[in-house]
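Input: a single structure, listed below in structure tokens.
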Amino acid sequence: MANASTRSDFLQSMTEDGQILKLFDLLPEIAFFLKDLEGTFVALNRKACEYCGVAREQDAIGRSDFDFFPKSRAESFRTDDFAVMESGQPIVNRIEADPHSGNSERMVITNKVPLRNSAGKVIGVVVFSRQVERLSGRTGSADEFAQTIDHLKTNFNNHQSTSQLAEMANMSVSQFERRFRRAFGSSPRQYLLRLRVEAAARLLTFTKRPISGIAKECGFHDHAHFTRSFKKMMNMTPIFFRKKQRGG
């Protein structure tokens, strides 16, 4: 049985640094992005190049989301990337509008994972996106929640009961919660909380609004709850997060 040392020796013996990265070109349904600490593209597969509107990976290397996507989308991507790198916590199975089409009716499932070096230090972020329609026909797949997710992304700052969301999806509460968790790996309540924290992170990064106002704007009517939720997800308080985003 191969041990950790054998695995390390095997990987180091590979003759070409980008050999493993090229394997992602064999996954035509998945867009793969590798970004450094500054949010600069270091590697992309063919599907990711398609999203960026370039024919070759070389045409995107050294550039960023701001070179290929509308400013509002690029800011959202950048905030999420930095949050993952700074907190060390991944974003798992989040559904969002297809960045290639810009059409909210076409959705993708996105995962973002911090990339670490041999010393365990975060040196970048890995992004995987897959079109939702490829999952059509499966019970508990993300496509059956497209309307619900679109509603949550638009109304995350308002009270959302599970029973209301279940009714919107034409399911019982128990059925809705079970299928939602199967599709996204979290409960509806946890998903909504992540949307609120991510929205707060964007406002902390790109505005000078007071933190108390940001908390209320993002659906947190108790400042202590906002601070606890933000710290649990981002591994830092809102105050420290804003300070780091400003280079403090």
* Note the full-extension length gain between Lys216 and Val113 as 0.36 nm times their separation in residues minus their Cα-Cα distance, in nm to one decimal. => 34.2 nm
* Pairs to check: Lys216/Lys244; Lys153/Lys243; Lys22/Lys112; Lys121/Lys208; Lys47/Lys231. Give those whose C-alpha atoms are more than 24 Å from each other in this structure. => Lys153/Lys243; Lys121/Lys208; Lys47/Lys231
* Asked: When Lys and Arg each count +1 and Asp and Glu each count -1, what net charge do the other residues less than 10 Å away from Thr162, Cβ to Cβ, add up to?
  -> -1
* **Environment charge at Val125 (Cβ cut-off 12 Å; Lys +1, Arg +1, Asp -1, Glu -1)** => -2
* **Net charge of Cβ neighbours under 15 Å - reference Thr40; Lys, Arg +1; Asp, Glu -1** => -4
* the range 142-234, relative contact order in percent, only Cα pairs under 8 angstrom and at least six apart counted -> 27
* Any idea how far the Cα center of the range 174-205 sits from the one of the range 213-248, in Å? -> 17
* Structure fact -> About its Cα centre, the range 136-248 carries a charge dipole, from +1 on Lys and Arg Cβ atoms and -1 on Asp and Glu Cβ atoms, whose size in debye to the nearest 20 is 720
* At 0.36 nm per residue, minus the direct Cα-Cα distance, what do Asp59 and Thr6 gain on full extension? Give it in nm, one decimal, please. => 15.4 nm
* Asked: Based on the Cβ-Cβ distance of Asp25 and Lys244, what FRET efficiency does E = 1/(1 + (r/R0)^6) give at R0 = 41 Å, to the nearest 0.05?
  -> 0.70
* Arg181 paired with Glu167, simple spin-label distance in nm, labels 7 Å along Cα-to-beta-carbon -> 2.4
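Throughout, read-outs are computed from the coordinates displayed, never taken from laboratory work. Worth saying up front: this structure is predicted, and the values here are computed from it rather than measured. Note: ideal-geometry Cβ built from the backbone for every residue, glycine included; neighbour counts use all protein chains shown.
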